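A quick write-up on the structure given underneath.
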Amino acid sequence: MTTVDPEPNPHATAEEVRAAYADPKLANVLYHDWEAGTYDEKWSISYDERCIDYAVGRFRAAAGERGWPYGHALELGSGTGFFLLNLMQGGVIAKGSVTDLSPGMVRVALRNAENLGLDVDGRVADAERIPYDDNTFDLVVGHAVLHHIPDVPSAMREVLRVLKPGGRFVFAGEPTKVGDSYARALGRLTWWLTTNVTRLPVLNGWRRPQEELDESSRAAALEAVVDLHTFDPTELERTARSAGAVNVRAVTEEFAAALFGWPVRTFEAAVPREKLGFGWAMFAYRTWQKLSWVDENLLAKLLPRELFYNVLVTGVKPGE
């Protein structure tokens, strides 16, 4: 029997939004359908050298370079396809499949793949019940997805089920417990400062229309519902091993880069994009690059891994 994926719902009713506050999966669908059309722009996602280098760098930091290219990879919670598509362009993956709970995100991911000429199929799917057979994939990847999944241990068991024996998983971009606390505090402070300072007549041209600010605030409120978890690296390793994985390893990254990056991202969301321009984008990116170098080469040797913002985890399904 052919399964037909549901249609995107980018304009949720007030009743649906109210219901979403008690239903994390519905909240994820509504929030990400809402964001799908503008998500790449909001998060400065691209499919060029900048983001290819970022995605491949994250993969390499977690899992190294052995085994490239992986024949067939699945991305859980693909969003617009950022991680999988850039890994494919970077030579890590030959063929890909995208899944997401949000029909809108799957649609955008497949459109992005088609525009890039990449061999990708997609399904609307729940990470706790992946709609693929056992032993299907050489690799499962995800970026900023585990913290949206209500039952992470169940999802990990599903990942191990659909991997071939000897297959690997790599999840990146997950918030640590400590990192999430300072990132959210910086974001809230930056939003308050920017939206209030731009009320001044001399800076009013830098203020987004109030209806856009209100829309962003509503999205942010729902975002707080869809962000379900933060992670301790050691606990995340334990979860992966309990699901049956071997050779499990978690690494963390971004401390100075996160202290800079979160206020920058929040500021960008609060002002008209045309006010910033290419020069600002390059300044933000180059500064983030330099601070990431400091994190990797200096601070990682001095600070506990729990202090860094992002945690990445990898592991392998035992071979036959």
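The values are calculated or read from the model by the stated rules, or taken from the named source; none is laboratory data. All values derive from a computational prediction rather than experimental measurement. So basically every Cβ, Gly included, is an ideal-geometry build from the backbone, and we count neighbours across all protein chains shown. For accessibility, only protein heavy atoms count, side chains too; no ligands or nucleic acids. Shrake-Rupley method; radii C 1.70, N 1.55, O 1.52, S 1.80 Å.
Here are the numbers:
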{"item": "Number of positions in the range 280-311 that are part of a helix (DSSP H, G or I), open to solvent by less than 70 Å² (accessible area, probe 1.4 Å) and of a type in the set (Phe, Trp, Tyr)", "result": "3"}
{"item": "Failed condition for ARG161, given (1) of a type outside the set (Phe, Trp, Tyr); (2) open to solvent by 10 Å² or more (accessible area, probe 1.4 Å); (3) in contact with a helix residue (DSSP H, G or I) (Cβ under 8 Å, 6 or more places away or on another chain)", "result": "(3)"}
{"item": "Filter result (surrounded by fewer than 19 Cβ atoms within 10 Å (Cβ to Cβ), of a type in the set (Phe, Trp, Tyr) and within 16 Å of VAL271 (Cβ to Cβ)) within the range 176-192", "result": "TRP192"}
{"item": "Residue that is in contact with a strand residue (DSSP E or B) (Cβ under 8 Å, 6 or more places away or on another chain) and either surrounded by 24 or more Cβ atoms within 10 Å (Cβ to Cβ) or without any contact (Cβ under 8 Å) to a residue 60 or more places away in the chain (or both), where the choices are GLY77, GLY91", "result": "GLY77"}
{"item": "Out of ALA221, ALA155, sole residue that is small (Gly, Ala, Ser) and farther than 24 Å from PHE308 by Cβ", "result": "ALA221"}
{"item": "Unique residue being under 15 Å from the mean Cα position of the chain (by Cα) and in a helix (DSSP H, G or I) when the list is ASN86, ASN115", "result": "ASN86"}
{"item": "Given (1) surrounded by fewer than 18 Cβ atoms within 10 Å (Cβ to Cβ); (2) hydroxyl-bearing (Ser, Thr, Tyr); (3) modelled with pLDDT of 90 or more, index of the condition SER217 fails", "result": "(3)"}
{"item": "Breaking point among (1) at pLDDT below 95; (2) touching a helix residue (DSSP H, G or I) at 6+ places or on another chain (Cβ under 8 Å); (3) in a loop (DSSP other than H, G, I, E, B); (4) open to solvent by 50 Å² or more (accessible area, probe 1.4 Å), for ARG66", "result": "(2)"}
{"item": "Close pairs (6 angstrom Cβ cut-off, 6 or more residues apart or separate chains): in contact (Cβ under 8 Å) with a residue 24 or more places away in the chain and within 22 Å of ASN135 (Cα to Cα) in the range 51-74, open to solvent by 20 Å² or more (accessible area, probe 1.4 Å) and hydrophobic (A, V, I, L, M, F, W, C) anywhere", "result": "PRO69/ALA94; GLY71/ALA94"}
{"item": "Selection from the range 11-24 of residues that are surrounded by fewer than 15 Cβ atoms within 10 Å (Cβ to Cβ) and within 24 Å of ASN112 (Cβ to Cβ)", "result": "HIS11"}
{"item": "Lone unmet requirement of (1) modelled with pLDDT under 95; (2) open to solvent by 10 Å² or more (accessible area, probe 1.4 Å) for PRO153", "result": "(1)"}
{"item": "Boolean, ALA258 is of a type in the set (Gly, Ala, Ser), open to solvent by less than 20 Å² (accessible area, probe 1.4 Å) and within 16 Å of ALA144 (Cα to Cα)", "result": "yes"}
